[in-house]
């Protein structure tokens, strides 16, 4: 049985190596080497590993684009199982033919488990550490998976003001988007308002930016030139670059205060007007500053007073 397993694995290695000498264009719609072609990235060292990975997929995975739906290993396993079945059917239930059938069938099944088990393990490992995505090695350093889909976002302070019992984060988000739409801003916006540790801006519209961290786009005022933060990490490090002092239309807003319930790291603060439902309570607000007080004034504000919202573009 060991000889059969060894032969099976040796054939797999030799079959993989054979395709190194086959033109990539004949094996896959986009080529076994995913670079250097029209609309593709320039080739780099990483693509050597992408080639090796694609060759393994070529012999393991039936794929209409990669191998016309015919993978070597499943085909070989089917043939070996058929041979084992033939020996079994002609063995009359005993003798050397039966033993041969058992060896071939057992070795084939064990070999398939070893090969596919190793491939799945390595693929999941690469995917876990970010080297692969959707069973493909990612060699594009400007891929949407690793960077923001836009070059920059917009942030503004609302023109409207609201009492602290405005009803919750859903209302704040809806006001940001309604005001943005009325001002001709078609993107989606998230209010910089929290209502508990599971209802922070990063838990709602800004989740993708929080995941990207340093790779997310930065935020600018509606004038398009005044920078607020370079990226999510910069936004939540305690300071911002400039005052958020333009409303959705780009008009200057002075001497404002905003409802936030959020600290300078983007985390919820428990003081939030009873989850924005009580005008008799108090809640954390932000001030017209560039230090941490832009989102956390340090002392709660009376919920019976009118204040604005910060709105950050999220898509």
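The values are calculated or read from the model by the stated rules, or taken from the named source; none is laboratory data. Keep in mind the model is a prediction, meaning the values are calculated, not measured. Note that each Cβ is placed from the backbone with ideal geometry, even for glycine, and that neighbours are counted across all protein chains shown.
Scanning region 196-232 for residues that are in contact with a strand residue (DSSP E or B) (Cβ under 6 Å, 6 or more places away or on another chain) and assigned to a helix (DSSP H, G or I) gives a single hit, 201.
Residues are listed down the side, and each one gets a yes or a no for (1) assigned to a loop (DSSP other than H, G, I, E, B); (2) surrounded by fewer than 18 Cβ atoms within 10 Å (Cβ to Cβ); (3) without any contact (Cβ under 8 Å) to a residue 24 or more places away in the chain:
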position: 255; (1), (2), (3): yes, yes, no
position: 264; (1), (2), (3): yes, no, no
position: 278; (1), (2), (3): yes, yes, no
position: 286; (1), (2), (3): no, no, no
position: 289; (1), (2), (3): yes, yes, no
position: 293; (1), (2), (3): no, yes, yes
position: 296; (1), (2), (3): yes, no, no
position: 315; (1), (2), (3): yes, yes, no
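Among the residues of region 298-308, the ones that are over 20 Å from residue 155 (Cα atoms) and buried (at least 17 other Cβ atoms within 10 Å of the Cβ) come to 3 in all.
Of the residues in region 233-249, not one is in contact with a strand residue (DSSP E or B) (Cβ under 9 Å, 6 or more places away or on another chain), part of a loop (DSSP other than H, G, I, E, B) and on the phi > 0 side of the Ramachandran plot.
Okay, residues lined up against (1) outside the structural domain of residue 160 (by TED's automatic domain parsing); (2) over 12 Å from residue 166 (Cα atoms); (3) more than 31 Å from the chain's Cα centre (by Cα):
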{"site": "252", "(1), (2), (3)": "no, yes, yes"}
{"site": "259", "(1), (2), (3)": "no, no, no"}
{"site": "279", "(1), (2), (3)": "no, no, yes"}
{"site": "287", "(1), (2), (3)": "no, yes, yes"}
{"site": "290", "(1), (2), (3)": "no, yes, no"}
{"site": "305", "(1), (2), (3)": "no, no, yes"}
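Looking at 311, 273, just one residue is in contact with a helix residue (DSSP H, G or I) (Cβ under 8 Å, 6 or more places away or on another chain) and crowded, with 17+ Cβ neighbours inside 10 Å, and that residue is 311.
Looking at the structure I just gave you, is residue 77 in the same structural domain as residue 53 (by TED's automatic domain parsing), within 25 Å of residue 54 (Cβ to Cβ) and part of a helix (DSSP H, G or I)? Judged against the criteria, residue 77 is a match.
If I filter region 134-141 for residues that are touching a helix residue (DSSP H, G or I) at 6+ places or on another chain (Cβ under 6 Å), surrounded by 14 or more Cβ atoms within 10 Å (Cβ to Cβ), modelled with pLDDT of 80 or more and not in a helix (DSSP H, G or I), do I get at least one hit? No, region 134-141 has no match at all. Figure legend. Inter-residue proximity from region 73-97: first residues farther than 22 Å from residue 112 by Cα, second residues not in a helix (DSSP H, G or I), beta-carbon distance below 7 Å, spacing 6+ or different chains. Indicated pairs: 97/90; 97/91. Scanning region 160-192 for residues that are part of a loop (DSSP other than H, G, I, E, B), farther than 12 Å from residue 313 by Cα and free of Cβ contacts under 8 Å to residues at least 40 places away in the same chain gives a single hit, 184.
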